[in-house]
Amino acid sequence: MKTSISKLLQTFIFYKLKPPAACKFLLLITLFFLINLSSSFAQTFPAGFSQVQVTNGLSNPTVLASAPDGRIFVAEQGGKLRIIKNSVLLPVPLVQLNVNASGERGLIGITLDPNFTTNKYIYLYYTVPTGTIHNRVSRFTVTGDVTLASSEKIILELDPLSGATNHNGGAMQFGKDGKLYIAVGENANRANAQNLDTYHGKILRINADGSVPAGNPFTTGSEQRKRIWSYGLRNPYTFNFQPGTGRLFVNDVGEVTWEEINDATASGLNFGWPESEGLNNNTAHQNPVYTYRHGAGDGFGCAITGGVFFNPATSNYPASYTGKYFYQDLCNNWINFIDVSSSPAVRASFATGLPGQSLSLSVGNDGNLYYLSRNNSALYKIIYTTNIAPVITGRSTWQLKSFSGAAGHLSRECLGHGSSPLSVAKKQRQHCRRDGCCLYHIQHNCG
Ligand SMILES: [Ca+2]
């Protein structure tokens, strides 16, 4: 954070303004512009939106989770669960697991217990490196900024993996029903997706202790079958429940043509893989809510790596974004959103030119979108600031070295110095740029 901000604040322009003839109070509007050093990404956002790097220094990040206490947990593929606390990446991981991190394996899933504030439970999805290599879901208990490995309680052992190291899934989240939903990839064996006697290629629904809950679609047969919620999936790397409605959207990474966003709210649905992909006429298969093609450019891609309903408890984003489903792609460095109130869902652009290999798009407790970039080993948040045109009403020789702030409060402030000995009576932010730096309206006593 400190590094990124200092980089952003290296350049400014200030205006010298002459005082009016008669003045009890001089209203000084100081305007400055920053050269956006991240412009090499040529990022674009809607007016008022900009991106802030929260931290870098993450090693192959795979997924993030926001805690109610404000901490952000980021899983590193190699087995460390890192903590970002007050925008600082703590050097000591919350927990470090011994994992197999070949290909797409490793520490690839995290979710917090709905009662995390009181029970401190987190659930991790990782690849067990010894014996028969397989993915496992375990619960750990957090104590402060530490999780003792000895607190591990194994919740569910998934089926053995083949030699293929890809298509592991990993997403987990509790539903409104208090059940734990788990996304499992088909382990690069497409037949797994339609085989109800393997966990591979499925969305699972289990009790928090791993047992089979009431209400699943298949009530008899193998242990795997009884835990299946939906099937016909290839690599559901991420999914998300809509707050309030409990609507469940699963982002399924496609093969060579289509990426899918599937509505898995209802039980027992077959999303078609490998018999179909994208929109199709097979009535046995559930068509995606939205599907986009592989290819170059905004709206096209290679692998859907994040998707989230934008329904935060509070946010300063414009209300028009509430209820939209934001999603991202691994290859073309964009974030789009769809309006799911219409059918078919309508796509809209949101951000382009983002850092490469972005994933785990999430809504933070502060009402901002967050995501990870593997290329930059970094965590980003997307902020919105009101866009009020500056009005220059006075002049002075005040010099601003730099100011920056986030919406609603002065989160970072690097005050410069004034060449005139004026005392600031009131400072009010007027406008924030997309790079996170703001213009302030400064009223000071000139008498
Ligand atoms: Ca499908």
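The values are calculated or read from the model by the stated rules, or taken from the named source; none is laboratory data. Everything numeric here is computed off the predicted structure, so don't read it as measured data. Here Cβ is always computed from backbone atoms with ideal geometry, including for glycine, and neighbour counts include all displayed protein chains.
Quickly run through segment 262-279 and pick out the residues that are crowded, with 23+ Cβ neighbours inside 10 Å and more than 10 Å from the ligand (Cβ to nearest atom). Give the steps one after another, and end with the answer.
At the first step, the residues of segment 262-279 found to be crowded, with 23+ Cβ neighbours inside 10 Å are 262, 264, 271-273.
Hit for segment 262-279 is Ala264, nothing else.
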**Message:** Any residue in segment 254-268 that is polar (S, T, N, Q) sitting within a Cβ distance under 6 Å of a residue that is more than 11 Å from the ligand (Cβ to nearest atom)? List the pairs, counting only those 6 or more apart or interchain.
**Reply:** Thr257/His294; Thr265/Arg247; Thr265/Leu248; Ser267/Pro217; Ser267/Trp229
**Prompt:** Got a number for residues in segment 122-152 being touching a residue at least 40 places away in the same chain (Cβ under 8 Å) and in a strand (DSSP E or B)?
**Reply:** 13
**Message:** Regarding segment 294-307, can at least one residue be identified that is part of a loop (DSSP other than H, G, I, E, B), out of contact with any strand residue (DSSP E or B) (no Cβ under 6 Å at 6 or more places or on another chain) and under 26 Å from Leu180 (Cα atoms)?
**Reply:** no
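Answer yes or no as to whether Glu259 is within 21 Å of Tyr327 (Cα to Cα) and part of a strand (DSSP E or B).
Numbers: within 21 Å of Tyr327 (Cα to Cα): yes; part of a strand (DSSP E or B): yes.
Against the criterion (within 21 Å of Tyr327 (Cα to Cα) and part of a strand (DSSP E or B)), Glu259 qualifies.
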**Message:** Pairs please, first residue from segment 270-295 and closer than 11 Å to Glu259 by Cα, second anywhere and among the β-branched types (Val, Ile, Thr) and near the ligand (Cβ under 9 Å from one of its atoms), Cβ atoms under 8 Å, 6+ apart in sequence or on different chains.
**Reply:** Gly278/Thr291; Leu279/Thr291
**Asked** In segment 132-189, what residues are crowded, with 21+ Cβ neighbours inside 10 Å and among the charged types (D, E, K, R)?
**Response** Glu186
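In segment 296-322, which residue that is without any contact (Cβ under 8 Å) to a residue 24 or more places away in the chain and not polar (S, T, N, Q) is surrounded by the most Cβ atoms within 10 Å (Cβ to Cβ)? It would help to see each step written out before you state the result.
Residues of segment 296-322 that are without any contact (Cβ under 8 Å) to a residue 24 or more places away in the chain, as a first pass: 319-322.
Of the ones still in play, those that are also not polar (S, T, N, Q) are 319, 321.
Values: Ala319: 7, Tyr321: 19.
So the residue we want is Tyr321.
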**Request:** With the condition kept exactly as written, say whether any residue in segment 235-244 is assigned to a strand (DSSP E or B), closer than 17 Å to Lys202 by Cβ, without any contact (Cβ under 8 Å) to a residue 60 or more places away in the chain and away from the ligand (no atom under 11 Å from the Cβ).
**Result:** no
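Pick from segment 364-384 the residues that are in a loop (DSSP other than H, G, I, E, B) and among the small types (Gly, Ala, Ser): which of them is nearest to Ala47 (Cα to Cα)? If you could, list the steps in order and put the result at the bottom.
Keep residues of segment 364-384 that are in a loop (DSSP other than H, G, I, E, B), which gives 364-368, 374-377.
Then drop every residue that is not among the small types (Gly, Ala, Ser), which leaves 364, 367, 377.
On the way: Gly364: 21, Gly367: 18, Ser377: 27 Å.
Checked segment 364-384; the qualifying residue nearest to Ala47 (Cα to Cα) is Gly367.
Filter segment 327-363 for residues that are closer than 15 Å to Phe49 by Cβ and crowded, with 19+ Cβ neighbours inside 10 Å and give the result.
If we filter segment 327-363 for residues that are closer than 15 Å to Phe49 by Cβ, which is where we start, we get 328, 334-337, 348-354, 361, 363.
Scanning segment 327-363 gives Gln328, Trp334, Ile335, Asn336, Phe337, Phe350, Ala351, Leu354, Leu361, Val363.
So which of Ser222, Ser230 is in contact (Cβ under 8 Å) with a residue 24 or more places away in the chain, among the polar types (S, T, N, Q) and within 16 Å of the ligand (Cβ to nearest atom)? Spell out the reasoning first.
Numbers: Ser222 fails: within 16 Å of the ligand (Cβ to nearest atom).
Only one candidate passes the filter, namely Ser230.
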**Prompt:** Is one or more of the residues making up segment 158-172 within 19 Å of the chain's Cα centre (by Cα), among the hydroxyl-bearing types (Ser, Thr, Tyr) and at pLDDT 95 or above?
**Reply:** no
